[in-house]
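The values are calculated or read from the model by the stated rules, or taken from the named source; none is laboratory data. The model shown is predicted, which means the values in this text are computed figures rather than measured ones. FYI the Cβ positions are ideal-geometry reconstructions off the backbone, even for glycines, and counts take in every protein chain you see. Just the protein is used for accessible areas: all its heavy atoms, side chains included, with ligands, DNA and RNA removed. Shrake-Rupley method; radii C 1.70, N 1.55, O 1.52, S 1.80 Å.
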Amino acid sequence: MKVKEIEKFNLEETAINIQNANLYYGSFQALKDINMQIKKGEITAFIGPSGCGKSTLLKCLNRMNDLVENCKIEGKFEIGGRDIYAQGMMLQMLRKNVGMVFQKPNPFPMSVYDNITYAPRLYGIRDKSTLNEIVEKSLKGAAMWNELKDRLNKSALALSGGQQQRLCIARALSVDPQILLMDEPTSALDPISTGKIEELCSSLKENVTIVMVTHNMQQAARVSDKTGFFLLGELIEFDETENIFSNPQKEQTERYITGRFG
Amino acid sequence: MENSLDNNLMRLKTEFAKMCRIAESMLEEANALLIKADKEKALEVVKKDKLVDDAEMDIEHGCMRLLLRNQPFAKDFRDISCLLKAITDVERIGDQSADIAGIVPCLSGKIKIKSIIDMGKLAVEMVRSSCSSLINEDIELAEKTQVLDDDMDRLFDKALGEIVDVIKESSEHAREVAELLMIAKYYERIGDHAVNICEWAQFGNTGIHKKTQ
């Protein structure tokens with residue numbers, strides 16, 4: 001099966017539709033009746049204190065919780081109108097179209113080139129020139145082609161933390177995803193690398209819908225179009241980012257973003 | 001939970017209240033000079049303008065520092081934005097009060113135009129209420145004060161009519177009535193600044209600014 005043969009989601013204006021979502025880890029309820037619609041081509045930030053459920057919700061969007069023991073998920077998670085938890089949903093199709101970048105850069109212990117071509121190869125692409133094109137396109141998409149074009153055969157582990165994280169974004173872009181989930185993508189990075197990744201997000205959003213978990217309020221305010229504030233598993237407020245940070249409607253949101261929580 | 005942002009913001013608000021009080025007293029004194037045609041004390045009012053200018057610089061610097069260091073959000077962000085905007089209006093009120101006082105020595109005192117005196121009284125009321133609405137976060141007072149601007153505009157039109165009548169009667173006092181016309185315009189502008197302050201008071205509380213709706 002080649003990348004181009006894997007079906008894409010038919011994303012309308014609403015890319016992701018979450019309805020009455022509940023998630024339990026055993027008897028602990030981590031998500032409580034979440035309802036939200038995420039628009040195509042926007043950057044959506046999830047904010048909230050540790051343990052509020054934002055990463056849990058993010059992981060639901062490409063079924064990363066499937067293998068977690070005692071995890072029970074209720075409600076509807078639709079991407080492009082398709083229920084991603086329905087029987088017959090191909091995980092390969094879901095994970096190709098919904099990429100993920102984690103908090104800590106996690107390049108494979110192999111060359112830059114092999115990191116990026118790993119997934120395309122997995123999906124059956126063998127043609128060298130096609131792979132070369134994918135590498136160039138992905139690295140350009142992650143704004144690091146000029147930095148790495150002469151070091152494609154070097155180990156990815158020799159790159160700096162910021163470069164490794166952007167390489168992971170490039171790797172995620174290698175299979176042309178429609179949605180990119182980012183779980184605190186810059187929390188381990190210095191301000192310059194953070195700035196580069198934020199710029200990258202802004203340039204990617206034309207083609208990729210981005211959902212980002214962040215603990216950095218300024219980052220959410222800088223890069224996102226919409227922001228959702230979570231507390232104890234509930235979505236307290238979800239609105240335009242400018243409204244959330246200048247005039248939140250819920251007292252809990254106000255207290256959290258002004259640092260008066262607790 | 002109190003933090004340094006709370007303390008610093010409180011301090012800036014106190015400074016702002018003091019700045020308002022000085023500008024307001026300048027306006028009251030300029031009005032009194034105009035009524036009595038008192039030339040001696042005009043300079044005192046003009047000198048006070050420096051206090052208002054200095055207060056503006058201090059508050060502006062304090063607000064900038066809070067923006068830089070705390071990167072505030074929500075009500076904190078709105079409060080600091082309000083202060084930054086409102087100090088410009090209060091500073092202009094101080095300038096225009098000094099300008100009015102500065103004109104008084106040029107007047108003979110023979111020409112009295114009642115509407116201008118009324119404008120002065122109304123200007124004091126508008127400045128006092130607008131500053132109070134922002135300091136005390138009183139939206140109702142802000143709304144009431146804004147309505148007074150219509151009275152100010154009517155008084156300005158009336159004063160203009162009275163000035164034209166004086167000119168028609170005799171050209172002897174042409175220079176003096178021209179000065180009085182400037183004073184009327186200053187009062188009218190002070191009314192506009194008071195309205196601006198009220199609008200910032202509303203933004204601070206509601207997050208909605210009238211002009212951006």
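Do any residues in region A:17-39 that are assigned to a strand (DSSP E or B) have Cβ atoms under 7 Å from those of residues that are open to solvent by less than 50 Å² (accessible area, probe 1.4 Å) and among the acidic types (Asp, Glu), where the two are at least six apart or on different chains, and which pairs are they? Close Cβ pairs satisfying both conditions: A:17/A:78. Within region A:224-240, being under 13 Å from residue A:45 (Cβ atoms) and open to solvent by 10 Å² or more (accessible area, probe 1.4 Å) holds for A:224, A:225, A:226, A:235, A:237, A:238, A:239, A:240.
Go through the residues of region A:52-59 one by one and say whether even a single one is surrounded by 15 or more Cβ atoms within 10 Å (Cβ to Cβ), in a loop (DSSP other than H, G, I, E, B) and modelled with pLDDT of 95 or more. Within region A:52-59, one or more residues are surrounded by 15 or more Cβ atoms within 10 Å (Cβ to Cβ), in a loop (DSSP other than H, G, I, E, B) and modelled with pLDDT of 95 or more. Which condition from (1) away from chain A (no Cβ under 14 Å); (2) free of Cβ contacts under 8 Å to residues at least 40 places away in the same chain; (3) farther than 24 Å from residue B:139 by Cα is the one that residue B:38 breaks? Looking at each condition in turn, residue B:38 falls short on (2).
Say we look at region A:216-246 and pick out the residues that are outside any helix (DSSP H, G or I) and aromatic (Phe, Trp, Tyr); which of these is nearest to the other protein chains (Cβ to nearest Cβ)?
First, the residues of region A:216-246 that are outside any helix (DSSP H, G or I): A:216, A:224-240.
Within this subset, residues satisfying the condition of being aromatic (Phe, Trp, Tyr) are A:229-230, A:238.
Values: A:229: 11, A:230: 17, A:238: 16 Å.
Only one residue tops the list, namely A:229.
Taking first residues from region A:124-141 that are over 19 Å from residue A:196 (Cβ atoms) and partners that are open to solvent by 80 Å² or more (accessible area, probe 1.4 Å) and of a type in the set (A, V, I, L, M), the Cβ contacts under 8 Å between residues at least 6 apart in sequence or on separate chains come to A:124/A:1.
Take residue B:148 and tell me if it is assigned to a helix (DSSP H, G or I) and open to solvent by less than 40 Å² (accessible area, probe 1.4 Å). Spell out how you get there, then give the answer.
On the way: assigned to a helix (DSSP H, G or I): yes; open to solvent by less than 40 Å² (accessible area, probe 1.4 Å): yes.
Here the answer is yes, as residue B:148 does meet what is asked.
Checked against (1) without any contact (Cβ under 8 Å) to a residue 60 or more places away in the chain; (2) within 14 Å of chain A (Cβ to nearest Cβ); (3) more than 18 Å from residue B:136 (Cβ to Cβ), residue B:6 meets all criteria but (3). Please go through region A:178-213 and give me each residue that is open to solvent by less than 30 Å² (accessible area, probe 1.4 Å) and assigned to a helix (DSSP H, G or I), ordered by number. Hits for region A:178-213 are A:193, A:194, A:195, A:197, A:198, A:200, A:201, A:204. What number of residues within region A:103-126 are hydrophobic (A, V, I, L, M, F, W, C) and buried (at least 18 other Cβ atoms within 10 Å of the Cβ)? The number of residues fulfilling the criteria is 4. Can you find, within region B:169-213, the residue that is nearest to residue B:129 (Cα to Cα) among those that are within 14 Å of chain A (Cβ to nearest Cβ) and surrounded by fewer than 20 Cβ atoms within 10 Å (Cβ to Cβ)? The extreme case among them is B:205. Among the conditions (1) hydrophobic (A, V, I, L, M, F, W, C); (2) modelled with pLDDT of 95 or more; (3) in contact with a Leu (Cβ under 6 Å, 6 or more places away or on another chain); (4) more than 30 Å from residue A:27 (Cα to Cα), the only one that residue A:131 does not satisfy is (3). Within region A:1-42, being within 20 Å of residue A:212 (Cα to Cα) and aliphatic (A, V, I, L, M) holds for A:11, A:15, A:16, A:18, A:21, A:23, A:30, A:31, A:34, A:36, A:38. The set of residues from region A:127-167 being open to solvent by 30 Å² or more (accessible area, probe 1.4 Å), part of a helix (DSSP H, G or I) and of a type in the set (Lys, Arg) comprises A:128, A:137, A:140. Only one of the numbered conditions (1) away from chain B (no Cβ under 14 Å); (2) over 15 Å from residue A:98 (Cα atoms) is not met by residue A:257, and that is (1).
If you filter region B:68-101 down to residues that are away from chain A (no Cβ under 14 Å) and either out of contact with any helix residue (DSSP H, G or I) (no Cβ under 6 Å at 6 or more places or on another chain) or at pLDDT below 95 (or both), you find that the one that is surrounded by the fewest Cβ atoms within 10 Å (Cβ to Cβ) is B:88.
Identify, from the list A:36, A:89, A:64, the residue that is open to solvent by less than 40 Å² (accessible area, probe 1.4 Å) and over 17 Å from residue A:238 (Cβ atoms). Don't jump to the end; show me each part of the working.
Numbers: A:36 fails: over 17 Å from residue A:238 (Cβ atoms); A:64 fails: open to solvent by less than 40 Å² (accessible area, probe 1.4 Å).
Only one candidate qualifies: A:89.
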